[in-house]
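The structure appears below as structure tokens.
The values are calculated or read from the model by the stated rules, or taken from the named source; none is laboratory data. A quick note: this is a predicted structure, and the numbers were derived from the prediction, not measured. Don't worry about glycine lacking a Cβ; one is built from the backbone with ideal geometry, like all the others, and counts go over all protein chains shown. Accessible surface areas use protein heavy atoms only, side chains included; no ligands, DNA or RNA. Shrake-Rupley method; radii C 1.70, N 1.55, O 1.52, S 1.80 Å.
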Amino acid sequence: MIPAAFDYEVADSAAHALSLLAEHGEDAKLLAGGHSLLPLMKLRLAAPALLVDIGRLAELSYVRDEGEHLAIGALTRHRDLETSAVLAEHCPVLSHVAGQVGDPQVRHRGTIGGSIAHGDPASDLPAAVLALGGTMVLVGPDGERTVPAGEFHHGFLETALALDELLVEIRVPKMAGSRYSFQKFNRRAQDWAIVGVVAVRNGTTGVALVNMGSVPLRAAGVEEALAGGADVATAAARADEGTEPPTDLNGSAEYRRHLAKVLVRRALEEVGA
Ligand code: FAD
């Protein structure tokens, strides 16, 4: 439970963090809230030679109304999403999902950027951003690029981020008046989702799944069925299409497939699909 020795630098700006990444390459790791990285380091599943602490970069902590979309700084903590007046008005699903992450300590330290960059398919916020059809903004030595949420996660703990890039912002469409549902199934309050479902209805219905594969997944079969006029039960029966749920101590893959169908049905009923 004791991490390997490492050096530690506090970045005083996003540019400073990028220069440290460029200088140290694969030896360096960004530290945001530390609530995913530090457990990995304590288990010695990660042993970076240098931690670049971006946790104090206030310039990357914000929720802004940008007209067509909302812009969320990558260092915005879960608690700040939960209590954001801008999100409450224009994208309440994100506040609600942030409020279901872990416990108060986790929500006061963890950041949306860390949650998305970490690439754990059991995380709640990446699925919410996927259901919303969000976009990630990455900055590296060659400037800025945007990646749609559906292309950002490549595999378990693997993302589109290059070693010398920083996730700086998450953009989501404004969804005032939308209906949403977050079905998080766990055995104990505050646990990670065994399976989770985020549904957002704003004209069409977007549905994304937590912990049903190596990346956050859209429930493509469900969305297709709804678009074709299927009823809720028929659409929900397709919830496990294209998924590869894990088997672990919390449940078998078969159990997760069943759960996904039940939870999607509940979510669709809640949003009035
Ligand atoms: P860190 O741990 O600091 O970083 C995680 C990874 O992302 C690292 O590889 C880091 O280098 C990289 N990174 C961080 N920020 C950036 C950036 N801006 N650009 C590029 N790379 C970056 N999550 C849930 O979704 N649901 C839960 O129910 C839940 N329960 C939890 C319970 C406990 C007890 C704990 C400890 C964590 C839990 N989490 C849960 C995870 C929590 O939400 C984490 O805070 C989050 O996954 C990671 O955010 P972080 O800011 O702590 O990232």
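Compute, for the chain, the length of the dipole vector about the Cα centre, with Cβ point charges of +1 (Lys, Arg) and -1 (Asp, Glu) only. Units Debye, rounded to 20.
1100 debye
So how strong a dipole does the stretch 136-205 carry about its Cα centre when Lys and Arg Cβ are +1 and Asp and Glu Cβ are -1, to the nearest 20 debye?
So the magnitude is around 740 debye.
Any chance you could look up the accessible area of Val106 with a 1.4 Å probe, heavy atoms only, rounded to 10 Å²?
Solvent-accessible area, nearest 10 Å²: 40 Å².
Between Ala176 and Ala49, what FRET efficiency follows from the Cβ-Cβ distance if R0 is 51 Å, with the result rounded to 0.05?
The computed FRET efficiency comes out at 0.65.
Which Cα, out of Pro245, Ala22, Ser61, lies furthest along the positive dipole direction of the chain (beta carbon charges, K/R +1, D/E -1)?
Projecting each Cα onto the dipole axis, the largest value belongs to Pro245.
Check each of the trypsin sites (Lys or Arg not before Pro) in the stretch 1-59 and keep only those in coil by DSSP with at most 16 other C-beta atoms within 10 angstrom; list them in order.
Arg44, Arg56
To test your reading of the geometry: what angle, between 0 and 90 degrees and rounded to tens, separates the Cα axis of helix 253-271 from the longest principal axis of the chain?
Its long axis makes an angle of about 70 degrees.
Which ³J(HN,Hα) values in Hz, rounded to whole numbers, follow from the phi angles of the stretch 235-240 under the Karplus curve 6.51 cos²θ - 1.76 cosθ + 1.60, where θ = phi - 60° and Gly and Pro get x?
Listing the rounded values in order: 5, 5, 5, 9, 4, 9 Hz.
Can you give me the % of accessible surface on the chain that is carbon or sulfur? Probe 1.4 Å, all protein chains present, nothing else counted.
49 percent
Within straight cross-link reach of Lys29, meaning Cα distance under 22 Å, which lysines are found once same-chain residues fewer than 8 apart are removed?
Output for Lys29: Lys42.
Just reorder Val222, Val101 by solvent-accessible area, largest first, 1.4 Å probe, all chains present.
Val101, Val222
Hey, could you get me the Stokes-Einstein D for the chain, Kirkwood radius over alpha-carbon pairs, 10 °C and 1.306 mPa s, rounded to whole µm² s⁻¹?
It diffuses with D of about 84 µm²/s by this estimate.
Hey, with R₀ at 30 Å, roughly what FRET efficiency would Ala5 and Thr146 work out to, going by the Cβ-Cβ distance, to 0.05?
0.20
Taking only protein heavy atoms into account and a 1.4 Å probe, give the accessible area per residue of the stretch 58-172 in Å².
Spelled out: the 1.4 Å probe surface of the stretch 58-172, per residue, equals 38 Å².
List the lysines whose Cα sits under 17 Å from the Cα of Lys261, skipping any in the same chain fewer than 8 residues away.
In chain and number order, the partners are Lys184.
Measuring from label point to label point, each 7 Å out along Cα→Cβ, what is the Asp12 to Lys42 span in nm?
3.2 nm
Taking a virtual spin label 7 Å from the Cα of Thr204 along the C-beta vector, which residues in the stretch 118-149 bring their backbone nitrogen under 13 Å of it?
Inside the label zone: 131-134.
Given a Förster radius of 30 Å and the C-beta distance between Ala189 and His258 as r, what FRET efficiency does 1/(1 + (r/R0)^6) yield to the nearest 0.05?
0.85
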